[in-house]
Amino acid sequence: MKRNILFVDDEPNILQGLRRMLRPMREQWEMHFAASGQEALEILARVPMDAVVSDMRMPGMNGPELLRRVMHEHPETVRFALSGYSDQDMVGRSIAPTHQYLTKPCDEKKLIQALTEAMDARGFISNKDLLDKIGRIEHLPVLPKAYVRITDELSKGDPSPKLIGEIVSDDIGLSANILKLVNSAYFGLARPIASPQQAVIVLGVNVIRSVILSLHVFKSFDCTEESSFSLSLLWEHCLRTAGLAKAIAKVEGMVKEDADNAYIAALLHDVGKLLLNAFFSTEYQEVFRVVRGENRLVAEVEAEQLGLTHAQVGAYLLGLWGLPSAVVHAVARHHARTPGPGGLCPADVVYFANQLDHDVFVFNAHYARPPVDPERLAAIGGPDRYARWRDEALALSLNKEET
Ligand SMILES: [Fe+2]
Ligand SMILES: [Fe+2]
């Protein structure tokens, strides 16, 4: 079935350009064009859209107003802002009802990929009521500014550590938190890191970018007075899992891109728990009451009571944000009992890193420890390989080590 996408811009030239540029997508997408927010709402009332891509500065109803209306009236629709870079501040990033920002001019490949992946992300949530509820969350955090700026720089080529360091340093709170974190035992570095530039040199741009994102996500979701679980213990679990994922990837000699994706996914794998805890707190407290009372697995009770797991919710959120699909799929599958197709991939690394952390660090005696699923174990070549990962990953992730 074709997907419906609505493009909104008051400049006819921009709409014309988009129409021309996206012509190759005619078979997959039914494209609609509107010259104002009002016209967009009229079209939306007739045709349900999979995605809306809107300009921000428009006379009459501006982009943020339009996307807010879309959020309330059509919560399942993916919402993109396509605007000039300088307009991003005007939108008020932290509360904007926008899933992703794309800057003009946006090249064809980037736009098609970003839209496709964000629309696909909805597939992680099959429960329509929940999709609507999540779609209507006003304060769903948006990507942090430093993350977006670094991603922009990366798309232009290979940015210098100095430039990335400057982006991080622009946010004093962020750079202090990054330095505190990278100098903590979790990173096991031999020498202390004194500046964001040095952190980029030692850890790499992708690791720094994912650390920025995870710090932001944990901070943004720390809003409930009655949390179902300890956020700081979850944060520590995610940091350890990321360290273990990095070590497994090293043991296996994975290529850098896969190793980075495994690291990022491991750091963010339980982000769905944060979202459920913050926005569905009553239901989630009940989930944890059962988990603790009956010593059950969290994902199993979530599936039973909510009809979906934190793995799906996390993948949905990261997919909407446009993280690499390998990361999104690794998060989606970190409790899956069967392996995906193909050889060892970031999703397997995250699954086993999470297992290893539960095996080695029991962080709550009331939770059941997930057994390693036999099919997943067989897919990596049996218990011996897991045991080797366990030994080598623990040695690597606990030792002082700089790469
Ligand atoms: Fe999990
Ligand atoms: Fe986990």
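Read-outs throughout are calculated quantities, based only on the coordinates presented, and are distinct from any laboratory measurement. It should be emphasised that the depicted structure is a prediction, and the values quoted were computed from it without experimental measurement. Reconstructed Cβ throughout: ideal geometry from the backbone, glycine too, with neighbour counts over all protein chains shown.
For ASP171, no residue whose modelled amide H falls within less than 5 Å of its own remains once neighbours fewer than 5 places apart on the same chain are excluded. Only the Cβ atoms of Lys and Arg (+1) and of Asp and Glu (-1) were treated as charged; on that basis the dipole of the chain about its Cα centre amounts to roughly 420 debye. For the chain, modelled as a GNM with alpha-carbon contacts under 10 angstrom, which of ARG337, ARG79, ARG122 fluctuates the most? The residue that fluctuates most here is ARG337. Full extension of the chain between ARG57 and ASP152 gives 32.1 nm of extra length, using 0.36 nm per residue less the Cα-Cα distance.
With a/c under 1.5 counting as rounded, go ahead and sort the range 3-124 into rounded, prolate or oblate using the C-alpha gyration tensor (a ≥ b ≥ c being the square roots of the eigenvalues; past the cut-off, prolate if a/b is larger than b/c, else oblate). Since a/c stays below 1.5, the shape of the range 3-124 is classed as rounded. The amide H of LEU82, built 1.01 Å from its N in the peptide plane, has SER54, ASP55, MET56, LEU102 as neighbours under 5 Å, considering only residues 5 or more places off or on other chains.
Reported value for the chain: 143 Å³ per residue, from the convex hull of its C-alpha atoms. Karplus-based coupling profile of the range 272-283, in residue order and whole Hz: x, 5, 5, 5, 5, 5, 7, 10, 10, 5, 5, 4, with θ = phi - 60° in 6.51 cos²θ - 1.76 cosθ + 1.60 and x standing for Gly or Pro.
Taking amide H as placed 1.01 Å from N in the peptide plane, the amide H of THR309 sits under 5 Å from none that are at least 5 places away or on another chain. Within a straight-line Cα-Cα reach of under 15 Å, LYS250 can be paired with the following aspartates and glutamates, leaving aside sequence neighbours fewer than 8 residues apart in one chain: ASP258, ASP260, ASP348, ASP391, GLU392, GLU401, GLU402.
Taking other Cβ atoms within 10 Å as a rough exposure proxy, TYR386, TYR284, TYR263 sort from fewest to most as TYR386, TYR284, TYR263. Listed values for the range 167-172 are Karplus-derived 3J(HN,Hα) couplings in whole Hz (6.51 cos²θ - 1.76 cosθ + 1.60, θ = phi - 60°), namely 4, 5, 5, 4, 10, 5, and x replaces Gly and Pro. If you take the alpha carbon atoms of the range 206-330 and fit the smallest convex hull around them, that volume is 106 Å³ per residue.
Positive contributions from Lys and Arg (+1) and negative ones from Asp and Glu (-1), summed over other residues with Cβ under 10 Å from the Cβ of ALA259, come out at -1. Springs join every pair of Cα atoms under 10 Å in this Gaussian network model of the chain, and among ILE125, ILE150, ILE172 the largest mean-square fluctuation is at ILE172. Spacing of the modelled spin labels on HIS72 and MET21, each 7 Å from Cα toward Cβ, amounts to 3.1 nm.
For the range 273-363, the list of GluC sites (Glu not before Pro) that fall in a loop by DSSP and count at most 16 other C-beta atoms within 10 angstrom is empty. Legend: residue pairs LYS109/LYS219; LYS2/LYS109; LYS2/LYS219; LYS2/LYS156; LYS128/LYS246, Cα-Cα distance threshold 29 Å; pairs beyond threshold, LYS109/LYS219; LYS2/LYS219; LYS2/LYS156; LYS128/LYS246. Residue-wise HN-Hα couplings along the range 248-259, as the Karplus relation 6.51 cos²θ - 1.76 cosθ + 1.60 with θ = phi - 60° gives them from phi, are 4, 4, 5, 4, 7, x, 5, 5, 4, 4, 5, 5 Hz; Gly and Pro carry x. Subtracting the Cα-Cα distance of LYS162 and ASP222 from their residue separation scaled by 0.36 nm leaves 18.5 nm.
From the Cα gyration tensor of the range 8-56, with a ≥ b ≥ c the square roots of its eigenvalues, which class applies: rounded if a/c is under 1.5, or else prolate if a/b is larger than b/c, or else oblate? Because a/c hits 1.5 or more and a/b fails to exceed b/c, the range 8-56 counts as oblate. The GNM of the chain, with springs linking C-alpha atoms under 10 angstrom apart, assigns the highest mean-square fluctuation among GLY63, GLY314, GLY381 to GLY381.
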